[in-house]
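Peer 1: Sending over a structure as structure tokens; questions will come in a sec.
The values are calculated or read from the model by the stated rules, or taken from the named source; none is laboratory data. Small disclaimer: the values here were computed from a predicted structure and weren't measured. Cβ: placed from backbone, ideal geometry, glycine included. Neighbour counts: every protein chain shown. Remember, those area values only see protein heavy atoms, side chains included, never the ligands or the DNA or RNA. Shrake-Rupley method; radii C 1.70, N 1.55, O 1.52, S 1.80 Å.
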Amino acid sequence: MTNRLDSTFERLRANRKKALIAYVMAGDPSLPDTEALVLELERAGADIIELGVPFSDPIADGPVIQKAAERALRSGTSLRRILTAVPALRAKTQIPLVLMAYYNTIYAFGESAFCRQAVEAGVDGLIVPDMPPEEADLLEAAASRAGLRLIFLLAPTSTPARRAAIARRSKGFIYYVSLTGITGAKLADLEEVRRNVEKIRQATETPVAVGFGIATAQDVSQVAAIADGVIVGSAIVRQIGEHQHDPHLPERVGAFVRSLKSAMTHGQVEVRA
Amino acid sequence: MPQFPDKHGRFGKYGGRYVPETLMPALLELEQAYLKARRDRRFQAEIDHYLKFYVGRPTPLYFAEKLTRRLGGAKIYLKREDLCHTGAHKINNTIGQGLLTRRMKKQRVIAETGAGQHGVAVATVAALFGLTCEIYMGTEDMQRQALNVFRMRLLGATVTGVNAGSRTLKDAISEAMRDWTTHVRTTHYILGSVLGAHPYPMMIRDFQSVIGREARRQVLAAEGRLPDCLVACVGGGSNSLGLFHPFLKDRTVRMVGVEAGGLGIESGKHAARFAGGRPGVLHGTMTYLLQDDDGQINLTHSVSAGLDYAAVGPEHSFYRDAGRIRYTSATDEEALAAFDLLSREEGIVPALESAHAIAEVVKLAPAMKARQVIVVNLSGRGDKDVQHVARLRGVPLGV
């Protein structure tokens, strides 16, 4: 069976389009809300969904996603419950789903069991923000056996040797962290992003998606001109936080994502012209 | 015992480097810089100079005669780390890392602190070496240790309160790691215990091992033999590993690490990782953690802010599994009783952290023979805790 991530990037590439990757924290404010949000974000133009797995001590995340993790944990969300909820979502959509989970939640679950059950539930890829390639051997083997794409991160501080090695090891796509910092920080240097994405491309054919600090329609359109995918996290999660009690939560967040998608499409037309 | 850690920063299955990619190059750079400095005689001479003339080393190994008589068993020696400049062993590490920061030509240091002792020690070397300094501290701990907050500010440091999670040491470390991720090119993170990603557990153990090297020499001079037992409290585990490490090959020397038993292990309100935890990954390292079935980190409790943390140094986890070090715990109540006991018997007010080690000595010594010898690490002095203990006892201080 082909992986939904791979086929999505192939389709987009064939149409000279870029992927809009939308991050939501699973279980924020509840798992049923997450299902409704994912379906609405797909309608709004998201090509891939990144589902955050809440963790009590998220060292790579800024305050917006920290608070979302706290809300999700308060609603009783766990990795186990997320995997139980995914099949129902999978019955309604074929959008690629990527989990972003801190390593301890996976370690506590059991690496092999997690990879197997995640794929059975309908998950396509995995990002572990606190697991550099040095520590990834076991999880990489388990993911590969299960058919789960293990996505590695590259950062502005990565040396050329690390960049080449990680670019070759990452499956599905490469997550390029746009800035030296945590999620929700401000995008600083677009030129540096462009240079580094080009260097990654020299090492691999695997698609490169850029995340961290991408918050506005303008950011999205500028980064879409550089990379194969644009990841928006904190900006969407902030909308969810603000509208968490609104009965029209999915529509509110959907409207925001629609505006991002429209800027992205518009931006690409400009670039092609 | 093989040379630990291995080149991956592992102590058996424990340790490693579980950090975001952004930090990996900095950890590799730090490891290179440290290994190079460790081989450099001038670096070692610089450390020795500051330890002697600034910190006041060697610290005495003091025979606690009255306490020995009172407990009626083994001879009790106190390794007086409480007499170090700034009042605790923490400065042994910050002198080393401060000098390393200068070598790496970084201008800014950051740190976490729980009880405030490490924060004070970092603020102190930052003043000494002319570095900009920011300390992260949980707001709960800032209340418990208000005096140390003011001391850090006096020393020129910025103290930033952390209002997330349990508002204690765990959250301060997370926030310091976020700061480091953001300012990694210009900033060195002076971690305060044998925790975190490689090379920190190794490097901090090395800097703290001066405690055990001195104690070994001193006890041989005083008693003409090795001690029967070493006792130290274990938060992250730097004072204990500093004392224990130079004795690890001495098979006749027993070692006991004392964790924070809080309100009792059965209450669930404690920080005894070896009693209630299992292996996992937190703050860059694989080690014993207090966590739930889903791998979420538990909130911990201890009367002493310095022991109030959900993880323990990875090297301790290895020695626990290997059976080389025995780990036990003392409750808040036992620690407070030991705090009083040492104050009244010896005229030494111990830090609440160190009082946990004294509490274990109270249990051990009477069952031992009079010719046997215990060395206990008095890792810090209790001045910082006087206010907190008064508050616990409802004594108004009128300030």
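Peer 1: Using only alpha carbon positions, build the gyration tensor of the stretch B:111-255, then give the equivalent ellipsoid semi-axes as the square roots of 5 times its eigenvalues, largest first, whole angstrom.
Peer 2: Details: eigenvalues 205, 47, 46 Å².
Rounded to whole Å, the semi-axes are 32, 15, 15.
Peer 1: Further, regarding this structure: Using the Cα atoms as the points, what is the convex hull volume per residue of the stretch B:223-295 in Å³? Please list the in-between numbers first.
Peer 2: On the way: hull volume 8.8 nm³, N = 73.
For the stretch B:223-295, the hull spanned by Cα atoms encloses 120 Å³ per residue.
Peer 1: Classify the stretch B:70-176 from the C-alpha gyration tensor, please: rounded if a/c falls under 1.5, else prolate or oblate depending on whether a/b exceeds b/c.
Peer 2: Values: a/c = 2.21, a/b = 1.31, b/c = 1.69.
Oblate.
Peer 1: Another question, then. Take every Cα-Cα distance within chain A, group them into 5 Å bins from 0 onward, and report for each bin the whole-number percent of pairs it holds.
Peer 2: 1, 6, 14, 19, 21, 19, 13, 6, 1, 0, 0
Peer 1: If the only charges are +1 at each Lys and Arg Cβ and -1 at each Asp and Glu Cβ, what is the size of the charge dipole of chain B around the Cα centre, to the nearest 20 debye? It would help to have the intermediate numbers written out before the result.
Peer 2: Working: 52 positive and 40 negative charges, 291 e Å.
Roughly 1400 debye for chain B.
Peer 1: Then there is this: Hey, if you put +1 on the Cβ of every Lys and Arg and -1 on every Asp and Glu Cβ in the protein assembly as shown, which of B:G72, A:T105, B:Y136 ends up farthest toward the positive end of that dipole?
Peer 2: B:G72
Peer 1: Still on this structure: From the phi angles alone, apply the Karplus equation (6.51, -1.76, 1.60; θ = phi - 60°) to the stretch B:138-144 and give each ³J(HN,Hα) in whole Hz, x where the residue is Gly or Pro.
Peer 2: Going residue by residue, I get x, 5, 4, 5, 4, 5, 5 Hz, with x marking Gly and Pro.
Peer 1: To the nearest 0.05, how large is the calculated FRET efficiency for B:Y54 and B:R371 if R₀ is 60 Å and r is the Cβ-Cβ distance?
Peer 2: On the way: r = 38 Å, r/R0 = 0.63.
Rounded to the nearest 0.05, the efficiency is 0.95.
Peer 1: Taking 8 Å as the Cα distance limit and 6 or more residues as the minimum spacing, I'd like the relative contact order of the stretch A:38-120 as a percentage.
Peer 2: On the way: 59 pairs, mean separation 35.7, N = 83.
Worked out over the stretch A:38-120, it gives 43 percent.
Peer 1: While we're on this one: Only Cα pairs within less than 10 Å get springs; with that Gaussian network setup on chain B, which residue of B:A359, B:A370, B:A126 has the largest fluctuation?
Peer 2: Largest GNM mean-square fluctuation: B:A370.
Peer 1: Which one of B:L336, B:G323, B:A357 has its Cα pushed farthest toward the positive end of the charge dipole of the stretch B:299-399, where Lys and Arg give +1 and Asp and Glu give -1 at the Cβ?
Peer 2: B:G323
Peer 1: Be a star and scan the stretch A:1-35 for residues whose amide nitrogen sits under 15 Å from the point 7 Å along the Cα-to-Cβ vector of A:Q94.
Peer 2: Only A:1-12 pass the distance filter.
Peer 1: Sort largest first and round to whole Å: the equivalent ellipsoid semi-axes of the protein assembly as shown, each the square root of five times a Cα gyration tensor eigenvalue. Can you show the working numbers first?
Peer 2: Values: eigenvalues 471, 121, 101 Å².
Values for the protein assembly as shown, descending: 49, 25, 22 Å.
Peer 1: Calculate for chain A the 222 nm mean residue ellipticity that helices alone would give, adding -39,500 (n - 2.57) per DSSP H run of length 4 or more and normalising by residue count, nearest 500 deg cm²/dmol.
Peer 2: On the way: 12 runs with 141 residues, N = 273.
That comes out to -16000 deg cm²/dmol.
Peer 1: With loop defined by DSSP as not H, G, I, E or B, and exposure as at most 13 other Cβ atoms within 10 Å, which is the longest segment of chain B clear of exposed trypsin sites (Lys or Arg not before Pro)? It would help to have the intermediate numbers written out before the result.
Peer 2: On the way: sites that count: B:K7, B:K13, B:K105, B:R185, B:R225, B:K249, B:R251, B:K369, B:R371, B:R393.
Between the exposed loop sites, the longest stretch runs B:252-368.
Peer 1: Could you derive backbone 3J(HN,Hα) for the stretch B:248-263 from the dihedral phi with the Karplus parameters 6.51, -1.76 and 1.60 (θ = phi - 60°), listing whole Hz in sequence and x where the residue is Gly or Pro?
Peer 2: Each residue of the stretch B:248-263 in turn: 4, 7, 7, 5, 7, 8, 7, 9, 10, x, 10, 8, 7, x, x, 8 Hz.
Peer 1: Summing +1 for each Lys or Arg and -1 for each Asp or Glu, what net charge is found among the other residues whose Cβ lies under 11 Å from the Cβ of B:Q44?
Peer 2: Values: positive: B:R38, B:R39, B:R41, B:R42; negative: B:D40, B:E46, B:D48, B:D206.
Once positives and negatives cancel, what remains is 0.
Peer 1: Give the residue list of trypsin sites (Lys or Arg not before Pro) in the stretch A:9-44 that are DSSP loop and have at most 12 other beta-carbon atoms within 10 angstrom. Please report the intermediate quantities before stating the final value.
Peer 2: Values: sites: A:R11, A:R13, A:R16, A:K17, A:K18, A:R43; in loops: A:R16, A:K17, A:K18.
When the trypsin sites (Lys or Arg not before Pro) of the stretch A:9-44 are filtered for loop state and at most 12 Cβ neighbours within 10 Å, A:R16 remain.
Peer 1: Please give the calculated 222 nm ellipticity per residue for chain B, where each DSSP H segment of at least 4 residues contributes -39500 (n - 2.57) and the sum is spread over every residue; nearest 500 deg cm²/dmol? Could the numbers behind the result be given before it?
Peer 2: Values: 16 runs with 171 residues, N = 399.
Calculated mean residue ellipticity at 222 nm is -13000 deg cm²/dmol.
Peer 1: Further, regarding this structure: When the distances between all Cα atoms of the stretch B:261-399 are binned every 10 Å from zero, what whole-number percent does each bin get?
Peer 2: 12, 36, 34, 16, 3, 0
Peer 1: What are the semi-axes of the equivalent ellipsoid of the stretch B:30-90, taken as the square roots of 5 times the eigenvalues of the Cα gyration tensor, listed largest first and rounded to whole Å? Walk me through the intermediate numbers first.
Peer 2: Details: eigenvalues 236, 33, 19 Å².
Rounded to whole Å, the semi-axes are 34, 13, 10.
Peer 1: Taking the Cβ-Cβ separation of A:R169 and B:E29 as r and a Förster radius of 30 Å, what is the calculated FRET efficiency to the nearest 0.05?
Peer 2: Once the sixth-power term is evaluated, E becomes 0.90.
Peer 1: Quote to one decimal, in nm, the extra length available between B:R391 and B:E266 on full extension: 0.36 nm per residue of separation minus the C-alpha distance between them. Don't skip to the end; give the middle numbers.
Peer 2: Details: separation 125, 0.36 × 125 = 45.00 nm, distance 2.58 nm.
Gain in length upon complete extension: 42.4 nm.
Peer 1: Now, a different point. Convert each backbone phi in the stretch B:51-66 into a coupling constant with the Karplus relation 6.51 cos²θ - 1.76 cosθ + 1.60 (shift: θ = phi - 60°), then list the ³J(HN,Hα) values in order as whole Hz, x for Gly and Pro.
Peer 2: My calculation for the stretch B:51-66 gives 5, 6, 8, 9, 7, x, 7, x, 7, x, 9, 9, 7, 8, 5, 5 Hz in order.
Peer 1: While we're here: Computed over the Cα atoms of chain B, what is the convex hull's projected area averaged over all directions, in nm²?
Peer 2: Values: hull surface 72.7 nm².
Here the figure is 18.2 nm², rounded to one decimal.
Peer 1: Set Lys and Arg Cβ to +1 and Asp and Glu Cβ to -1, take the dipole of the stretch A:121-265 about its Cα centre, and tell me which of A:V197, A:V128, A:L148 lies farthest positive.
Peer 2: Checking the options against the dipole of the stretch A:121-265, the answer is A:V197.
Peer 1: If you build a Gaussian network model of chain A, linking Cα atoms that sit under 10 Å apart, which residue out of A:F152, A:F55, A:F109 swings the most?
Peer 2: Between A:F152, A:F55, A:F109, it is A:F109 that shows the largest mean-square fluctuation.
Peer 1: Another question, then. Using unit Cβ charges (K, R positive; D, E negative) and no other charged atoms, how large, in debye to the nearest 20, is the dipole of the stretch A:36-80 about its Cα centre? Walk me through the numbers before you get to the answer.
Peer 2: Details: 5 positive and 7 negative charges, 50 e Å.
For this selection, approximately 240 debye.
Peer 1: Tally Lys/Arg at +1 and Asp/Glu at -1 over every other residue whose Cβ is under 11 Å from the Cβ of A:A72; what's the total?
Peer 2: On the way: positive: A:K67, A:R71, A:R74, A:R81; negative: A:D28, A:D33, A:E70.
With Lys, Arg at +1 and Asp, Glu at -1, the neighbours total +1.
Peer 1: Place a point 7 Å from the Cα of B:R185 along the Cα-to-Cβ direction; which residues of the stretch A:191-211 have their backbone N under 19 Å from it?
Peer 2: A:191-200, A:211
Peer 1: Report, by chain and number, residues whose modeled amide H sits under 5 Å from the one on B:M255, excluding near sequence neighbours (fewer than 5 apart, same chain).
Peer 2: So B:M255 has HN proximity to B:L230, B:R326.
Peer 1: Moving on. Rounded to the nearest 0.05, what FRET efficiency is calculated for A:A203 and B:A45 with R0 set to 41 Å and r the Cβ-Cβ distance? Intermediate results must be reported in sequence, preceding the final value.
Peer 2: Working: r = 45 Å, r/R0 = 1.09.
With a Förster radius of 41 Å, E is 0.40.
Peer 1: Determine which residues of the stretch B:38-70 fall in the zone a paramagnetic label at B:L154 would reach in this model, i.e. backbone nitrogen under 20 Å from the point 7 Å along Cα→Cβ.
Peer 2: In the stretch B:38-70, the label zone of B:L154 (backbone N under 20 Å from the point 7 Å along Cα→Cβ) covers B:54-56.
Peer 1: Treating only the Cβ of Lys, Arg, Asp and Glu as charged (+1, +1, -1, -1), what charge dipole size does the protein assembly as shown show about its Cα centre? Round to the nearest 20 debye. Working shown, then result.
Peer 2: Working: 84 positive and 71 negative charges, 373 e Å.
Its charge dipole is roughly 1800 debye.
Peer 1: In percent, what relative contact order does chain B have, based on Cα pairs under 8 Å that are 6 or more apart in sequence? Before the final figure, lay out the partial values.
Peer 2: On the way: 871 pairs, mean separation 81.5, N = 399.
Relative CO of chain B lands at 20 percent.
Peer 1: Can you grab the distance from the C-alpha centre of the stretch A:71-116 to the C-alpha centre of the stretch B:297-375, Å, no decimals?
Peer 2: 40 Å
Peer 1: Would you mind calculating the gained length between B:R217 and B:F63 on full extension (0.36 nm times residue separation, minus the Cα-Cα distance), in nm to one decimal? Walk me through the numbers before you get to the answer.
Peer 2: Numbers: separation 154, 0.36 × 154 = 55.44 nm, distance 1.45 nm.
Taking 0.36 nm per residue and subtracting the Cα distance, the gain is 54.0 nm.
Peer 1: Okay, moving on. How large is Rg/Rh for the stretch A:181-263, to two decimals, with Cα atoms and a Kirkwood Rh? Before the final figure, lay out each step's value.
Peer 2: Values: Rg = 14.4 Å, Rh = 13.8 Å.
Reported Rg/Rh, Kirkwood definition of Rh: 1.04.
Peer 1: Testing the spin-label approximation: label points 7 Å from Cα along Cα→Cβ at B:N163 and B:R38. State their distance in nm.
Peer 2: Here the modelled spin labels are 4.2 nm apart.
Peer 1: Taking square-rooted eigenvalues a ≥ b ≥ c of the alpha carbon gyration tensor, is the stretch A:123-256 rounded, prolate or oblate, where a/c under 1.5 means rounded and, failing that, a/b exceeding b/c means prolate? Kindly include the intermediate steps, with their values, before the conclusion.
Peer 2: On the way: a/c = 2.17, a/b = 1.38, b/c = 1.58.
Taking the square roots of the gyration eigenvalues as a ≥ b ≥ c, the stretch A:123-256 is oblate.
Peer 1: Quick one: if you stick a label point 7 Å off each Cα along the C-beta vector at A:K17 and B:K7, how many nm between them?
Peer 2: Label-label distance for A:K17 and B:K7, simple model: 4.8 nm.
Peer 1: I'm checking a number: the convex hull volume of the Cα atoms of the stretch B:123-178, normalised per residue, in Å³. What is it? Kindly include the intermediate steps, with their values, before the conclusion.
Peer 2: Numbers: hull volume 3.8 nm³, N = 56.
Normalising the Cα hull of the stretch B:123-178 by residue number yields 67 Å³.
Peer 1: On to the next question. In percent, what relative contact order does the stretch B:214-352 have, based on Cα pairs under 8 Å that are 6 or more apart in sequence?
Peer 2: Values: 238 pairs, mean separation 32.0, N = 139.
Across the stretch B:214-352, relative contact order equals 23 percent.
Peer 1: Then there's this: Which order do B:F53, A:F256 take by accessible area at a 1.4 Å probe, largest first? Working shown, then result.
Peer 2: Working: B:F53 145, A:F256 40 Å².
Order by accessible area, largest first: B:F53, A:F256.
Peer 1: Under 5 Å between amide H atoms, partner at least 5 residues away or on a different chain: which partners does B:Y136 have, H built in plane at 1.01 Å?
Peer 2: B:A111, B:E112, B:T113, B:T160
Peer 1: Also, quick follow-up: From the Cα gyration tensor of the stretch B:277-336, with a ≥ b ≥ c the square roots of its eigenvalues, which class applies: rounded if a/c is under 1.5, or else prolate if a/b is larger than b/c, or else oblate?
Peer 2: Numbers: a/c = 2.05, a/b = 1.18, b/c = 1.75.
Here the stretch B:277-336 falls in the oblate category.
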